Every structure is written in structure tokens, then in C-alpha cells.
Amino acid sequence: MRHAFYLLYLRQLNWVHWQETLAENRSIIIMDLEYSKFSDASKKGSWKTALLFAYQSLGVVYGDLSTSPLYVYKSTFAEDIQHSESNEEIFGVLSFVFWTLTLVPLFKYVFVVLRADDNGEGGTFALYSLICRHANVSLLPNRQVADEAVSTYKLEHPPEKRSSSRVKVYLEKHKVLHTALLILVLLGTCMVIGDGVLTPAISDAVIPITCFILVCLFALQHYGTHRVGFLFAPVVLTWLLCISALGLYNMIHWNPHVYKALSPYYMFKFLKKTKKGGWMSLGGILLCITGSEAMFADLGHFSYAAIQTAFTFLVYPALILAYMGQAAYLSQHHHTSYHISFYVSVPESARWPVLVIAILASVVGSQAIISGTFSIINQSQSLGCFPRVKVIHTSDKIHGQIYISEINWVLMILCITVTIGFRDTKHMGNASGLAVMTVMLVTTCLMSLVIILCWNKPPAVALSFLLFFGSIELLYFSASLTKFTEGAWLPILLALFLMTIMFVWHYATIKKYEFDLHNKVSLEWLLALGPSLGVARVPGIGLVFTDLTSGIPANFSRFVTNLPAYHRILVFVCVKSVPVPFVPPAERYLVGRVGPAAHRSYRCIVRYGYRDVHQDIDSFETELVARLADFIRYDWHRSQHTSPYAEDDASHSNESSSERRLAVIGTVTFSGTPGYGIEESVEPASVSIGFSTVESVTDVIEMQAVGAGAVERRVRFAIDDDDSESDGQTKMYVQLEEELRDLMTAQEAGTAFILGHTHVETKQGSSILKRLAINFGYNFLRRNCRGPDVALKVPPISLLEVGMVYVV
């Protein structure tokens, strides 16, 4: 009887059709946004899939690294040392190249750093995310205990050693270290962006041809990496086979005994003879490892096994053969000392085909760093460290492939400027070398913290890692700094400029959040609004965007003060970032009530990871309404079916408890009708509710008030066909029907997006530096970047902006 009554009113509202449509939309959204590697986790374990990923990684990861033989010897022998008939210099350089490639990309990255992935993601932000989850050092302002319930927020829990806990306590205690850690991360990301400016400009083609190639390359970016990069893997594979064959030919034909130069003895012999000149020439040798960071940064697109296989069994041997072949040729040709380049060792009959393949391979390497720059900007923006830009998701199947038009054209202008201004690859190589070594040093420092805090290894292990690899990288870094006036100043200038922008934006964002936190209004004020005060409720849904996860934001009180009316359905929306690479769509929405059910006010916290791409506003609005409907059904049935665990019915209308309770609303599918049951679990669980009348079933995780006593519960319900029906249950269905009807009617009436239009200024008596940063720097960036309405893709007809002045 109860089941039939419920179906009757659902059909009257055409609710089943609406819910099926929303379920279909949700499945599309999940397909579009979820990482393919999670859906195909079992496939990744097979060797066939690993080999396929290894092949695909050639075009994305190894383009820059594989083209380094084009300019390493040329940059090394440019000025500081000369190629002599004793061959001590060329053999010493070969020994340095071999051991540098072996120790840094192979040992450090392939065997150690790649294991420090964040749910399969790599890069500087992945290490920072891991550290923030294991120690309270994050500067993100609106953190919640509920964020730790996200499935990708996984923590390793080996026995914590006392020494590692002391390091953790020390880091958490000193707030200045939190800022220093963020600056270190920003430094690494800015240097990667600087490398994105330099790498596309490094080419052996003449300047007009290089500029033409750059214009074509950047003009194609809006098609997406999956379209412009389908030929990249064959190009890099062809290039690697080409340099391997050339290396073998040169070794066999010119000097079969060149392998003896791989001994470390030749490094010491080289430094002993060349002294200061040899140390300064290390700035050219380090170019052999440019692009190594891409192995870790692009880990999320492939897998550890794929990248390890490709580098160990193909890229590494090919590079070693290429450098040995060049050294073998040069050891027998001393008259070329004033014109050392890659092409002098290429047989004349093969020179033009090799040149064409080299240019194509250089373009591939440029594409990898450009795509990486887009990802870094998106990650920085998600952490509140970069002005808002419009991010376009270019692939429906591959998560993380994005395009940012503003960044694309700025990069193109900078690349062309660098190409014309520097005019030769030597200066650009010097600049790129400094950027690369800075990124590697940052990775080494962050990796040392991961070893202690995340892997719970003794500090001695982390210190050994830091000293061993840090000393190698500091040696090369010091040599790069000597090239400051010869091009190395450029990445430093770019990094300082970008870091200033990032830090100013982040600082102002934190200050704005603190202002909102201190000026929020009480729930009693909201509940007191009504006709007696001249405030009316109008049809429709009002989405009030705020950074607050609790309380009523000041911009809404200002809105009601100036326009005494607000919508029948009121939703306070907080779009926030969580220190994970991505949040599964089923766990994205954290929904709760604001006030009693009759007030029709809700809070919705929408959580994104630092690599997530935000949804279009149409799909976001549809998804939000669907999750509100799911929450309404859950909340009413919770009040009837969870009496052993929930508060009594009076608490349902209690203001404080209604403001506290939030639930994660997601979508799962059960093969059959779920029965009533309680899942006992020691681990934090969730509350699940399902209806046999609807195909989609809702997965709900209820979070109590944030704090040490935060709890989660899992309970499943199903409505059974029972002839007995109480008056209280009938009343509950009527109230549920009324609230769902109000939501549906409000959606048909239209949705308004209420956003703050802010102006930030400093308090009187603030320092000159703060006034420059806020009054001039931040406000200039805010006026000249995308507004929140553009970033959220809000249609102008649905936009309501509330002017706010923040005094910080």
C-alpha cells in the first residue's frame, strides 16, 4: 500500500522520468570526468597494457629528453673548454653524461620518485598534496574533517616512528615553515613554466622557420593534445632508433673502444685538467637530463610500469648510444673543435633526413612541456595561487587534457620573443639548464619530506637521499649560475615575476576568506527574515556562492539589505579544493540543510581536486538539483528509519543540528532491490538509501559536526510493500512530496547565480609592501583576469552580482 502510494505521487510529478534523465546525465558526467586508469585498474596490471602505455608515453613524456643530444656537446664546448687531441675533454664529458643520466633520471626518478605518486598522479603538486595530508601544513583556508572521507584521500598507516613524528610536530608548530613550503612549491612550478617558454624556442632551424613552427604549434593547441599528438609516439620512436643507429655506426666506424670513457676515472681526470673551465662547462652537460621531470609530472596519464619500461629499455640505452657515438666521432676529428654539433657526426648522405626527424622530435618535446604548463596553471588556480583563467576540457575520454587560451597565446609571444632575442641555442640552453636544475632541487627537498612523513622512514634515510642527490644537483646548479649573464637570468626573471603574481593572489585570497569568516551573519538572522520585515520569497532557485563552509556569508546579507527579496529555494554553494588530485564525482557534493526543512534553505559544498576540471554550468546546475533531490529524500527517510542512531524528530527542525549535518550525495547502482540493513564497520562508513521505484540509487555519507568526535554512519533502506501504514508516515510522504514539488517548480522558474563583485583595500596603517600587494597588485590582477562568473560560465541573464568592499 505504501509502495503504491509512493509510486502514485511520483508519477503525478513525472518524477521517475526526471530522475532517470538525471541518472543518465550523471553517468555521462562520470564517464567524462573520471580517470580512465581507475576504471581500467585491473588492465594496467597486464604486460600488454603496460607495453601499450609505454609506447604512448614516448610522444608525451620523452620528447624533450630524447632531443638533448642535439645541443649537449655543442653547449659544453662553446667557450669554457676546448676539444684537444688528447681526448681527455671529450671522454670526460661523456663520463659525466653517462653517470648523470644513470644517477638522476634512472636511479632518482625511475626507482624512487615515481613511487611517491598521489593516487597515480605525479609532479610537484602531488608531493605537496601528500605532505599536506600527512601533516597539517596546508594553507588552504576552508579545510574540513569531511574531506578526509574522500576515497582518494588515502593515507599510508605504517607504524609511525618517534623521529618522524618529531619532524611532523616541528613542521606543524612553526607557521612560517608552512609559507616556506608553499614558496618552495611555487618556485618549482614557476621554473617549469619558465622551461615551457624556453624549450619550444630551442631548435637548430633558422629563426624565421623556428618562428613559423612556433606559430603553427600554438595555433593547434585548441584542438587538444589527443588530436595534435596522435603522431607523437611514432616520431619519438623513429628519432630514438635513428640516434641509436647513428651511435652504433660511429662507434664501430671511428672508435670501438670509446666505452672505456664510461669509467668515473675520466670525470676526475677531466676536472683535474680543465679546473674552473671544466666546472663551468657542467652548465652544458646538465642539458642531457632536461625533460627528466616530465617522467614524474606526466605520471597520471600513464602508469609507473609504463614509464619505467619505456625509459629503462628504450630511452636510456638510445641516449647512451647517441652520446657514445658522438664522442667516438669527435675523438677522431679534432679539426671540428670550433664547430662541434650533433650534425657533424651524421653521415652526409643521411644529414637531411635526420634534420627533418630532429625538427619533428623537437616539436614533440615542445608539445609535452606546453601541455604540462596548462596543467600546472590549472593546479595553481585550484589552490588559489593563480588568477582565474578559462579552462577548456578538450577530451571527453581522457581526464586532464585541457586548453587555456590566455596562457597559450602568452606562451607563444614569449617563445617568439626569446627566439628572436637570444638568436642562438647556447643562451637558451643556459637558461633552460638553470630552470631544470631548480625544479630537480625542489623535487629532492619535497621528496625528503615525503620519505619521513609519508613513508615513515628514519630521518637518516631522507637525509642520505637529500645529501646524495642534492649535492649532484647543487654542483650543476652552481655551474648554471655562472651563466647568469649568458641567458641564465631569463628563468630567474620569469620565476620571480610568476611567483610574485602567485603569492600576491594567494595572500589576498586568504585575507578575503578571513574577512568573510569574521563578518558572516548568524543563522537566526536568516530565519528571522520574512514578510514582517518586508522581505519576500520569489520563485526560483538562488545559488549564493561563497568560500565559507558554514554560516551565512556577508554578501548575502548585503544582497537582502539592498533588495529585500530572495528565492524560494536558497542554496549556499561553496566550490572548494581538496588536497587530492581528483574527487570522484559520486563524492563531490556535500549537502545539508540550513535551518528547518520548511525554510527551503540548503548548503552545498562542491569539492574538486587539484587536477579536476570544473563542470560546465549547465551540467553543474542539473547535477546540483539532482543531488538536492537525493538529499531531500534521504533526509526525510532518515528521520523515520534511523531512530536508533539519529536524534529525535525535534532535532530535525533544530537550527544548530540542521546547520551541522552534511551528507555526501552520490550515485551507485545495485543489481537488485536493496533490503533494510545496517552495516557494522570499524572504519568510517556511510549512510546509503535506495528506492525500488527508481533505477538509480543514492549513496549518502552523513558527516556530523567537524571535530574530534566527528562520526559517519552507513545504513541502507528500502521501501517494502507493507499494507500497514501509519498516519505519521503518510504525513511524512506528503511533506516529502511538497518539498520535492517546490524544488521542481523552482527549477522550472529559473536559477539565479548570486556572486560577489569584490574590491579589496588595506586597512589604515598597513605597511607599504602590503598596500602595494593588495591595492595595486591584486586589484590590477582582479580587474584584468576572468571574473568568477566567466570562470563558472554563468549566463549573463542569470547573474546577480553583489558589490562588496573587503578591508584587510
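Assorted remarks:
- Cβ charges +1 (Lys, Arg) and -1 (Asp, Glu), total dipole of the stretch 567-613, debye: 180 debye
- Residue-level accessible surface for PHE107, protein heavy atoms, 1.4 Å, Å²: 90 Å²
- Sorted peptide list for 129-140, 452-463, criterion being average Cβ within 10 angstrom, highest first: 129-140, 452-463
- Where only C-alpha atoms are counted, convex hull volume of the stretch 216-288 per residue in Å³: 158 Å³
- Equivalent-ellipsoid semi-axes for the stretch 251-409 (Cα gyration tensor, √(5λ), whole Å, largest first): 39, 19, 17.
- Residue ranking by accessible heavy-atom surface, 1.4 Å probe, largest first, among SER281, SER619, SER522 comes out as SER522, SER619, SER281.
- Residues CYS216, CYS785, CYS385, sorted by accessible area with the largest first, give CYS216, CYS785, CYS385 [1.4 Å probe; ligands and nucleic acids excluded].
- Surface accessible to a 1.4 Å probe, GLU801 within the full protein complex, Å²: 90 Å²
- Residues whose placed amide H lies under 5 Å from that of GLY756, excluding near-sequence neighbours: VAL802
- Ordered by solvent-accessible area of protein heavy atoms (1.4 Å probe), largest first, the residues VAL97, VAL344 come out as VAL344, VAL97.
- Among PHE107, THR179, SER68 - extreme Cα towards positive end, dipole of the stretch 65-196, charges at beta-carbon: THR179
- When nucleic acids and ligands are ignored and a 1.4 Å probe is applied, THR312 ends up with an accessible area of around 40 Å².
- Taking amide hydrogens as placed 1.01 Å from N in the peptide plane, the amide H of HIS567 sits under 5 Å from those of VAL538, GLY542, each at least 5 positions away in sequence or on another chain.
- Backbone N under 12 Å from the LYS763 label point (7 Å along Cα→Cβ), restricted to the stretch 501-525: 515
- Residue among ILE340, ILE307, HIS393 farthest towards the positive dipole end of the stretch 280-399, charges placed on Cβ: HIS393
- TYR343/HIS253 FRET efficiency (R0 25 Å; Cβ-Cβ; nearest 0.05): 0.95
- By accessible area, using a 1.4 Å probe on protein heavy atoms only, the stretch 291-450 has 67% of its surface on carbon and sulfur.
- The H on the amide N of GLY609, modeled in the peptide plane, is under 5 Å from the matching H of VAL578, VAL583, each at least 5 residues off or on a different chain.
- Two-decimal Rg to Rh for the stretch 380-508 - Kirkwood Rh, Cα set: 1.04
- Unsatisfied cross-links (Cα-Cα over 27 Å) in the set LYS168/LYS770; LYS173/LYS511; LYS74/LYS260; LYS273/LYS483: LYS168/LYS770
- Cross-link table LYS175/LYS793; LYS269/LYS457; LYS275/LYS426, entries beyond 28 Å C-alpha to C-alpha: LYS175/LYS793; LYS269/LYS457
- Positive-end residue, the stretch 379-496 charge dipole about Cα centroid, Cβ charges, pick of LEU449, SER464, GLN381: GLN381
The values are calculated or read from the model by the stated rules, or taken from the named source; none is laboratory data. Treat the numbers as computed from the prediction; the structure is a model and nothing was measured. Cβ sites come from the backbone with ideal geometry, for glycine too, and all protein chains shown count toward neighbours. With ligands, DNA and RNA removed, areas are computed over all heavy atoms of the protein, side chains included. Shrake-Rupley method; radii C 1.70, N 1.55, O 1.52, S 1.80 Å.
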